[in-house]
Amino acid sequence: MDINYWDESLQTEIQSVTDLMRSLSSSSGSDRSNRINDIDSKLSRIRNILKSFKMETRLIKDGIVRRGFEQKYDDYDKRVKELQREAKWAKTEGNKRELFGGGSSHAATAEEEGDAMLNRADELQDKTQESLQHTRQMVDATKDVAVATLEELHRQRDQIKD
């Protein structure tokens, strides 16, 4: 039966993703990103295998056997959705760490995390202030060029009239 092949494939791939998810807690930086990308790829493969599994289930003529595999399909589907939620959370958590200056290797207290977030916010605000000042300088320079251009055009118009 082809369905047994898909059944074994699902078990293997789901176990592989589960193992990768467990290993995320001990990884950081690019290693974590690579693992998350591997998880996303494997989850995509699992969804395709799950479709094949469901199609093979529909081909089973014996109703009792078919219902057993339909139940397996429901269990696999539920587990895959759990893994997808966990992967999404892990990705979001990694993005938060990156946004707020990266995660530390030791467990930080809530106060330390809050201080780190405030420091990062101050840095972003300083960059924003610098960017705003730079933009103002560019606007002033543009105004100067516009005034000079207007004066030159008036001079040329007067020259043409004379």
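The values are calculated or read from the model by the stated rules, or taken from the named source; none is laboratory data. Not measured: the values here are computed from a predicted model. In case anyone asks, the SASA skips ligands and DNA or RNA and just uses the protein heavy atoms, side chains included. Shrake-Rupley method; radii C 1.70, N 1.55, O 1.52, S 1.80 Å.
Of the whole protein surface, residue 76 contributes about 30 Å² of accessible area at a 1.4 Å probe radius. Starting from the Cα of residue 81, draw a straight line to each of the lysines and keep only those under 21 Å, dropping any in the same chain fewer than 8 residues away. The qualifying lysines are 42, 51, 54, 72, 91.
Hey, what's the chain come to in accessible area per residue, 1.4 Å probe, Å²? Intermediate values should be presented prior to the final figure.
Working: 12120 Å² over 162 residues.
Accessible area per residue: 75 Å².
When 7, 74 are compared by accessible surface with a 1.4 Å probe, the order from highest to lowest is 74, 7. When nucleic acids and ligands are ignored and a 1.4 Å probe is applied, residue 147 ends up with an accessible area of around 80 Å². Computed over protein heavy atoms with a 1.4 angstrom probe, the accessible surface ordering of 69, 53, largest first, is 69, 53. With every protein chain left in place, what is the accessible area of residue 59 in Å² (1.4 Å probe, nearest 10)? Taking all protein chains as shown, residue 59 has close to 120 Å². Of the accessible area of the chain, computed with a 1.4 Å probe over protein heavy atoms only, carbon and sulfur atoms account for 51 percent. If you model the chain as an ellipsoid using its alpha carbon gyration tensor, with each semi-axis the square root of five times an eigenvalue, the axes come out at 60, 27, 11 Å, biggest first.
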